[in-house]
Amino acid sequence: MDVDQLVGAFVVEVGIRQAWPFLGFCDNREAPSKEARLYLDASWSINDERGPRSGATEDWLVAADDLNGLTVSRATAESDGRLRLDFTGGATLSISAEVASASSGEPWWMSPWRP
């Protein structure tokens, strides 16, 4: 999926599935609304009014909860694999292009949109 499709969607879910932190997004600008998940398998950082935060998988739930309910205003996938999501209100999520040491996959990926 093209990350540009996240612009206008908002965070409805923050979680960890097996070893992968994720954000669930909802886009209800059309009927029926649709949802997708962004999975992370790389280091991450969140910067908002509380300041910059980053950490391991176990730190994800607390840090990413601040993104819950926020709308994506800009999504940028860099050619080297980094991803940056800007949210309304000024928060940002940055995901490294360097995968976790135990991984052989991608640093991040999206599920398909589902109704």
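Values for this structure:
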quantity	calculated
Rotationally averaged projected area of the range 3-100 (alpha carbon convex hull; nm²)	6.0
Solvent exposure of the chain as accessible area per residue, Å², 1.4 Å probe	55
Inter-label distance for residue 80 and residue 28, nm, one decimal - labels placed 7 Å from Cα along Cα-to-Cβ	3.9
Extreme residue, positive dipole direction of the chain, given options 36, 72, 101 (C-beta unit charges)	36
GluC sites (Glu not before Pro) within the range 30-115, DSSP loop, no more than 13 other Cβ atoms inside 10 Å	30, 49, 78
Local electrostatic count, residue 91, Cβ distance below 15 Å [Lys/Arg +1, Asp/Glu -1]	-1
Debye intensity ratio in log₁₀ form over the Cα atoms of the range 1-49, taken at each q of 0.13, 0.18, 0.22, 0.28 Å⁻¹	-0.35, -0.65, -0.89, -1.16
Lys, Arg +1 and Asp, Glu -1 on Cβ, resulting dipole of the range 1-61 about Cα centre, debye, nearest 20	100
Within the chain: Cβ-based charge dipole about Cα centre, in debye rounded to nearest 20 (Lys, Arg +1; Asp, Glu -1)	160
Relative packing of peptides 81-87, 1-7 - highest average C-beta neighbours within 10 Å first	81-87, 1-7
Accessible surface of the chain, 1.4 Å probe, proportion on carbon and sulfur as whole %	46
Mean separation of Cα contacts under 8 Å, 6 or more apart, over the residue count of the chain: relative contact order %	31
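The values are calculated or read from the model by the stated rules, or taken from the named source; none is laboratory data. The model shown is predicted, which means the values in this text are computed figures rather than measured ones. Quick reminder, even Gly has a Cβ in these numbers, built from the backbone with ideal geometry, and neighbours come from all protein chains shown. All accessible areas refer to the heavy atoms of the entire protein, side chains included, with ligands and DNA or RNA removed. Shrake-Rupley method; radii C 1.70, N 1.55, O 1.52, S 1.80 Å.
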